[in-house]
Amino acid sequence: MSHEAAARDTANTPDDAGQRPVPFRGGGFVHRPLGPVAPVVFLAILALWELGSRSGFISPIALPAPSAAFAALADLFKTGMLWKHLGASLYRLALGWTLGSLLGIAVGLAVGLFSLARAGLLPLVSALFPVPKIALLPLFIIWFGIGEGSKVATILFGTFFPTVIATYAGVDNVDRGLIRMGQSFGLGWLSIVRKIIVPGAMPAILSGFRISASIAIVLLVAAEMIGAEFGIGAYILMAGALFALDQLIAGVALLSVLGLVIAWLIGKLEKRLLSWRM
Amino acid sequence: MQLTLHDISHRYGGTTVLDGVSLTVDDGEIVCIVGPSGCGKSTLLRIAGGLEKPDGGAALLSGAAPEGSLNPLTYIFQDFALLPWRTVEGNVSLVLEDHGIAASERAAIIADVLSRTNLSDFARALPRQLSGGMKQRVAIARALAVKPAILLMDEPLSALDSQTRELLMDDLVALWSRERFSACYVTHNLNEAVRLGRRIIVLSRRPGRIRDVVEIDMPLAERVDRLAELELLQRRVWDIMREEAREADREISDVA
Ligand SMILES: Nc1ncnc2c1ncn2[C@@H]1O[C@H](COP(=O)(O)OP(=O)(O)OP(=O)(O)O)[C@@H](O)[C@H]1O
Ligand SMILES: [Mg+2]
């Protein structure tokens, strides 16, 4: 009797009278924010690479040292060519991507809202989306000239299709209950589109932006490799032709930075426009 | 203003959902509609508010809407239907923006309805920050903002826990005592029906027909204190419904 009472009293200490804690089985499958892991990994790879090059383990003919690539970049900066190349690329990217996105949103909304547009345009979009726009570049050169026109058009077409698809899928996903609510309060058609459908489709449109921006960079470089004097793509092509691998790496690094900056900007935009989500 | 549903029939594909339902919602009257799951209550309410066209019969309005009513037939939805990207006041503002009301007057209406629903402190909150009960209060405030003649409520309290439901039911009773709105109130909760209804319309299982109508003369404000009598009424409604509900239950399991 007294023994039992004693056992019960110490019930909350483990290893006692056959009692043990319930095994913990939760946890995992959740990402923790780990702060500066990414830059550390990045710097470590750079350091290893540099070490490999200096010790002669990596031949400079196969892969130049990061310091050499960096020197090429510094050279580019000193001669002022950096801004010329970057400026030309950014201009094409901004123009092509903006026009492609605006047109894509407009057509995507039409496909999402009107049966006629859906029946008429959706098969066309589905047929043209998978065509690599680079394959059409010669055609664009004939249509829009070898200058800026063909390059902007390539980027425009490349961003247009994914934006159409993201937008109309977003419109389709807008909660029908909210639209019914708008109708039940007598809201006009335009009000329902502007205040319910467009904001409701915005998350999908913005995630479409992420994809279309990456596609735009890929197409930018491809387009600049044909008949461009300036631009990051032209610079890389030139470096490749001369086997100046340090410049080639520098150009690729520029593209990566461009991609990172754009992803960051879209992240900012999402934070601003979708702050209501979380 | 009076809403009359005249001999409403409706089909979806091959199945008849409603069959010859007629009812009238008089001025200042709350009519509750109960019936087994899937019998067409929500469909009937959508027809009543002009969100769906009936295959047979008609929904008719008579009498003038009250002075200044912006949207005589106004819904309160089960899932609140608030825009998640708009604040509480933005959600109320939404239904006023298309009526060409000056911004200052709009702000005054918003402030008024938010204070009547005890939401003034939450004017700047987003829906995701609010509890279910609060969200439904916002939906009620939004409905009041357009000065409705008749409220159409489709299980407005079903998404809430039972304590919150009691609180909101008290709010609705207090609101009705002040404003004497008319309402068509769909619910499966018989307790809500006997607490709020002047008349309870019991629908049969699909196809929905009127099985019976239970009239309750007891004034709304007294009902909280006369729960024993309500309990008897609730039992009566349940006796009418029981067989229908059982059959409906079996029907659904046959289909599945
Ligand atoms: N848009 C629709 N298209 C096809 N069938 C529908 C549609 N809406 C409802 N139905 C069918 O009509 C019947 C009645 O539906 P309704 O939603 O009106 O029932 P309810 O009485 O409100 O049910 P619950 O009690 O579950 O809310 C159901 O069998 C449902 O499946
Ligand atoms: Mg329903």
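The values are calculated or read from the model by the stated rules, or taken from the named source; none is laboratory data. Worth saying up front: this structure is predicted, and the values here are computed from it rather than measured. When we count neighbours, we look across all protein chains shown, and the Cβ atoms used for this are built from the backbone with ideal geometry, even at glycine.
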Legend entry - Conditions (1) in contact (Cβ under 8 Å) with a residue 12 or more places away in the chain; (2) within 14 Å of chain A (Cβ to nearest Cβ): number failed by B:Ser37: (2)
Inset, instruction - Please enumerate the residues belonging to the stretch A:170-182 that are within 10 Å of chain B (Cβ to nearest Cβ) and surrounded by 16 or more Cβ atoms within 10 Å (Cβ to Cβ). - result: A:Leu178, A:Ile179, A:Arg180, A:Met181, A:Gly182
Inset, instruction - Return only the number of the condition from (1) more than 18 Å from A:Ala106 (Cβ to Cβ); (2) within 14 Å of chain B (Cβ to nearest Cβ) that A:Ala213 does not satisfy. - result: (2)
Legend entry - Residues of the stretch B:142-156 satisfying the condition of being assigned to a helix (DSSP H, G or I) and in contact with a helix residue (DSSP H, G or I) (Cβ under 8 Å, 6 or more places away or on another chain): B:Arg142, B:Leu144, B:Ala145
Inset, instruction - Determine which single condition A:Lys271 fails, assuming it passes every other condition in (1) closer than 24 Å to A:Ile58 by Cβ; (2) in a helix (DSSP H, G or I). - result: (1)
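So that you can scan it fast, the table gives a plain yes or no per residue for (1) more than 14 Å from every other protein chain (Cβ to nearest Cβ); (2) within 16 Å of ligand 2 (Cβ to nearest atom); (3) in a helix (DSSP H, G or I):
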| residue | (1), (2), (3) |
| --- | --- |
| B:Arg86 | no, no, no |
| B:Asp112 | yes, no, yes |
| B:Ile140 | no, no, yes |
| B:Ser158 | yes, yes, no |
| B:Gln163 | yes, no, yes |
| B:Asp171 | yes, no, yes |
Inset, instruction - Might you check whether a residue that is away from ligand 1 (no atom under 16 Å from the Cβ), under 29 Å from B:Pro66 (Cβ atoms), within 13 Å of chain A (Cβ to nearest Cβ) and in contact (Cβ under 8 Å) with a residue 60 or more places away in the chain occurs anywhere in the stretch B:123-138? - result: no
Legend entry - Looking only at the stretch B:88-110, and only at residues there that are within 11 Å of chain A (Cβ to nearest Cβ) and in a loop (DSSP other than H, G, I, E, B), the one that is farthest from B:Leu23 (Cα to Cα): B:Leu96
Inset, instruction - Kindly indicate whether any position in the stretch A:246-256 is among the polar types (S, T, N, Q), modelled with pLDDT under 95 and crowded, with 16+ Cβ neighbours inside 10 Å. - result: yes
Inset, instruction - Test B:Ser120 against the stated conditions and say whether it is farther than 23 Å from B:Ile33 by Cα and either within 16 Å of ligand 2 (Cβ to nearest atom) or small (Gly, Ala, Ser) (or both). - result: yes
Inset, instruction - Name the one entry in A:Gly158, A:Gly188, A:Gly182, A:Gly145 that is out of contact with any Leu (no Cβ under 6 Å at 6 or more places or on another chain) and touching a residue at least 12 places away in the same chain (Cβ under 8 Å). - result: A:Gly182
Legend entry - Residues located in the stretch B:14-51, provided they are within 13 Å of ligand 2 (Cβ to nearest atom), of a type outside the set (A, V, I, L, M) and surrounded by 14 or more Cβ atoms within 10 Å (Cβ to Cβ): B:Gly35, B:Pro36, B:Gly38, B:Cys39, B:Gly40, B:Lys41, B:Ser42, B:Thr43, B:Arg46
